[in-house]
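**Student:** Dropping the structure in here first, questions after.
Nothing in this text is a laboratory measurement; each read-out follows from the coordinates by a stated rule. Note that this is a predicted model, so its numbers are computed, not measured. Here the Cβ is made from the backbone with ideal geometry for all residues, glycine too, and neighbour counts use every protein chain on show.
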Amino acid sequence: MNSGSDLLMKVDALLSSMPKMESRKDVKFLQDQLSVVKIKPQDGVFYEVVVILDPLSREAQRMAPLLMVLHQVINMKLKVFMNCRPKLSELPLKSFYRYVLEPRLVFTADNNLSAGPIAKFLEMPEVPLFTLNMITPESWLVESVRSPYDLDNIHLEEVEGIVSAEYELEYILLEGHCFDVTTGQPPRGLQFTLGMKHNPVMVDTIVMANLGYFQLKANPGTWLLRLRKGRSSNIYQIFMHEGTDSPDDADDVAVVLNSFKSKILKVQVSKKPDKINEDLLSDVDTEDKGIWESITSFAEGFRSEQKDDVLNIFSVASGHLYERFLRIMMLSVLKHTKSTVKFWFLKNYLSPTFKEFIPEMANEYGFQYELVQYKWPRWLHQQTEKQRIIWGYKILFLDVLFPLAINKIIFVDADQIVRTDLKELVELDLEGAPYGYTPFCDSRKEMDGYRFWNSGYWASHLGGRKYHISALYVVDLKRFRKIAAGDRLRGQYQALSQDPNSLSNLDQDLPNNMIHQVAIKSLPQEWLWCETWCSEESKKMAKTIDLCNNPRTKEPKLKAAVRIVPEWNDYDNEIKMLLKRVEGQRRNSHTKSKSQSQAPGRDEL
């Protein structure tokens, strides 16, 4: 045995002393004449780069500008092989793509650093309808800050000059996963805060049961991660943490954001010895308001303490047309209630124009508002179409979007007109269900052929229950969190969304599909009237009117609104007058400030 070991060591020493004779290995391609792009290097040392890609793929769209920039930075010999698919049922690419990357710093004519890299789309076709989207790194929250154009509906035939938009990196996400060290399971309902020594609670969030995931928005700097004061810090303590910038035994968990890259933490918590048998969510309904105060990590706007008499309305909109509908919906709500109203808007897709106007409208009509924001988690199956992404936000993140102090919130579609006090809906008994939806009408008989839920899968799955529409629903947020409805919905979504033929109408197919696990309280039919599905006789009892699409006539919504809702024009004109007045005030203010800046100064002795 010893002699064998000695022999092995001698052979190893002998081989190690010999020079390595590795030669360059060239890969020979049988054919490189057709469907190959060749770029020759400059004189001197060069890198040889060979790329094989499908030109009609999203990956190729991203790779092409990277290769172009790389070619400007280094000397390289480039071969790009076009590996096309032999058969296509449809054109796989439906977008134009630009990667914002520059090979060097750019300066202006007066030697100042340029405002930033720019994506330019030149020689675009004018006939199609375009949408401008930003594809950003997973940890970035980017918003459009300046653009007079409707970036969701760009019709170049109707635009004079250049369509421009300015975007800004608003926040960098701090993400993490949290688990109970004893059970190995996520501590459902646990809350984290993020802040600094002088302001310890600047943002906060709740831990999902899905992978124990949490996210907090922040900016570059040093932050302190803590359990939120109240039940979270009373029952739990941080046991161990990875990916942070402080020792394991430190009282304060420091996290340094010094890069634009993602920072993902792993936090393990344990229950305090005298709290082993306590549950975070067991006493939610009777907990003191001071403990369950607002989760503000993704909200901004007017801040105020939540009271039971505040009517909380949630809505989403994208594009100038739907923002026009949204303002009219808001006005119809305000006209029919005596309660204090607080609107919650998904910030992700609001235009700069709407965000500039909403404070003026709030001052005029005396309502409160907040803009809520959440980044679609990287582990949750991503949607690619904007409409489907918005549908997902309507149902998948209800437990993390809103403050824990809010008992109930009502979702109202932007294209809806309210004709009653929604306080009635808040006070409606949901009989233990976490949310209440209105079933689809079945009184317009000529539309029977379009009611897909009356046959096939849906008829079998619902088992006699109604199929509900998602244009209006009320959510008991405390009940919703207590039964982990959000975690269940996300789990089912993850399972079904892999199939492109599933969840055609994501925001309503998902809750209807989960009706056996997450109960739905069927609201009285008069809570939502829609001309497509409801008879004309039932309109006089309608508490809300929804401008839902008609699959038979395909009538434009703007035309339908004027025809169906008599008061719609009055609301629209009232908002137009306010918009005109605000614009006039801004012009006068701008002219006044400009004249003052041009006034001659007084000579000083």
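**Student:** So if R0 is 56 Å, what FRET efficiency would V50 and M9 give, r being the distance between their Cβ atoms, rounded to the nearest 0.05?
**Tutor:** Rounded to the nearest 0.05, the efficiency is 0.85.
**Student:** Compute the signed sum of charges (Lys and Arg +1, Asp and Glu -1) over the other residues within less than 14 Å, Cβ to Cβ, of M76.
**Tutor:** Surrounding charge for M76 is +2.
**Student:** Tell me, what ³J(HN,Hα) does each residue in the stretch 336-344 have, in order and in whole Hz, if you take phi through Karplus 6.51 cos²θ - 1.76 cosθ + 1.60 with θ = phi - 60° and put x for Gly and Pro?
**Tutor:** For the stretch 336-344, the Karplus curve yields 10, 9, 9, 6, 5, 10, 10, 8, 10 Hz.
**Student:** May I pose another question? Label point 7 Å out from N505 along Cα-to-Cβ: which residues of the stretch 542-563 have amide N under 15 Å?
**Tutor:** Of the residues in the stretch 542-563, 546-554 have backbone N under 15 Å from the label point off N505.
**Student:** So how far apart, in nm, are the two label points at E555 and R465 if each is 7 Å from Cα heading toward Cβ?
**Tutor:** The answer from the label model is 3.3 nm.
**Student:** Something else: T205's amide H: which non-local residues (gap 5+, or another chain) put their own amide H closer than 5 Å, with H modeled 1.01 Å from N in plane and none for Pro or chain starts?
**Tutor:** Long-range HN contacts for T205: F192.
**Student:** Please work out whether the stretch 465-530 counts as rounded, prolate or oblate from its C-alpha gyration tensor, where a ≥ b ≥ c are the square roots of the eigenvalues and a/c under 1.5 means rounded, while otherwise a/b larger than b/c means prolate and anything else oblate?
**Tutor:** oblate
**Student:** Karplus couplings for the stretch 176-187 from phi (6.51 cos²θ - 1.76 cosθ + 1.60, θ = phi - 60°), rounded to Hz, Gly and Pro as x?
**Tutor:** Once θ is set to phi - 60°, the couplings for the stretch 176-187 become x, 10, 10, 9, 7, 5, 7, 8, x, 9, x, x Hz.
**Student:** Quick one: dipole size for the chain, taken about the Cα centre, charges +1 on Lys/Arg Cβ and -1 on Asp/Glu Cβ, in debye to the nearest 20.
**Tutor:** Approximately 760 debye in magnitude.
**Student:** How high is the relative contact order of the stretch 169-282? Use alpha-carbon pairs under 8 Å, at least six apart in sequence, and give a whole percent.
**Tutor:** 31 percent
**Student:** Please state the shape class of the stretch 299-573: rounded when a/c is under 1.5, otherwise prolate if a/b exceeds b/c and oblate if not, all from the C-alpha gyration tensor.
**Tutor:** Rounded is the answer for the stretch 299-573, as its axis ratio a/c remains below 1.5.
**Student:** In percent, how large is the relative contact order of the chain, given Cα pairs closer than 8 Å and 6 or more residues apart?
**Tutor:** Relative contact order here is 9 percent.
**Student:** Calculate, in nm to one decimal, what R146 and V562 gain on full extension: separation in residues at 0.36 nm each, minus their alpha carbon distance.
**Tutor:** Going from the current span to full extension adds 146.7 nm.
**Student:** Also: Fewest to most neighbouring Cβ within 10 Å: what's the order for F239, F480?
**Tutor:** Lowest to highest Cβ neighbour count: F239, F480.
**Student:** Extension gain A119-S57, at 0.36 nm per residue separation less the Cα-Cα distance, in nm?
**Tutor:** Computed gain between A119 and S57 is 20.3 nm.
**Student:** Take the Cβ-Cβ distance between S259 and V127 as r, set R0 to 56 Å, and report the resulting FRET efficiency rounded to the nearest 0.05.
**Tutor:** The calculated FRET efficiency here is 0.85.
**Student:** Going by average Cβ neighbours within 10 Å, how do the peptides 353-361, 497-505, 409-417 rank, with the highest at the top?
**Tutor:** The peptides rank, most packed first, as 409-417, 353-361, 497-505.
**Student:** Okay, next question. Nothing charged except the Cβ atoms of Lys and Arg (+1) and of Asp and Glu (-1): what's the magnitude of the dipole of the stretch 169-282 about its Cα centre? Round to the nearest 20 debye.
**Tutor:** Computed charge dipole of the stretch 169-282: roughly 240 debye.
**Student:** To continue, here is another question. Expressed as an acute angle from 0 to 90° and rounded to the nearest 10, what is the orientation of the C-alpha long axis of helix 485-496 relative to the principal long axis of the chain?
**Tutor:** It is inclined by approximately 60 degrees.
**Student:** Tell me the mean residue ellipticity at 222 nm calculated for the chain from its helices only (DSSP H runs of n ≥ 4, each -39500 (n - 2.57), averaged over every residue, nearest 500).
**Tutor:** -8000 deg cm²/dmol
**Student:** Here is a further query. Loop-only check: which chymotrypsin sites (Phe, Trp or Tyr not before Pro) in the stretch 372-404 are DSSP coil with at most 15 other Cβ within 10 angstrom?
**Tutor:** W379
**Student:** Please tell me the relative contact order of the stretch 299-573 in percent, rounded to the nearest whole number, where contacts are Cα pairs under 8 Å and at least six residues apart.
**Tutor:** 22 percent
**Student:** If you don't mind, there's one more thing I want to ask. So what's the gap between the Cα centers of the stretch 195-255 and the stretch 483-501, to the nearest angstrom?
**Tutor:** Value for the Cα centre distance between the two parts: 28 Å.
**Student:** A further question on this structure: For the stretch 202-210, just list the computed ³J(HN,Hα) in residue order, Karplus coefficients 6.51, -1.76 and 1.60, θ = phi - 60°, integers in Hz, with x standing in for Gly and Pro.
**Tutor:** Couplings: 9, 9, 7, 7, 10, 7, 7, 6, 6 Hz.
**Student:** Here is the link list: K266/K482; K120/K386; K271/K375. Which ones come out longer than 26 Å on Cα distance?
**Tutor:** Result: K271/K375 exceed 26 Å.
**Student:** Something else about it: So, in the stretch 510-581, how many Lys pairs have Cα atoms under 27 Å apart, if the pair is 8 or more places apart or on different chains?
**Tutor:** 18
**Student:** Same structure, new question: Restricting to the chain, what percent of DSSP beta bridges are antiparallel, rounded to 5?
**Tutor:** The answer is about 65 percent antiparallel.
**Student:** Starting from the amide H of W223, placed 1.01 Å from N in the peptide plane, find each other amide H under 5 Å away whose residue is 5 or more places distant or on another chain.
**Tutor:** V255, V256, L257
**Student:** Quote the FRET efficiency, to the nearest 0.05, computed for D274 versus Q498 with a Förster distance R0 of 45 Å and r equal to the Cβ-Cβ distance.
**Tutor:** Efficiency, rounded to the nearest 0.05: 0.50.
**Student:** Check E138: other-chain or 5+ apart residues with amide H under 5 Å from its amide H, H built from backbone geometry?
**Tutor:** none
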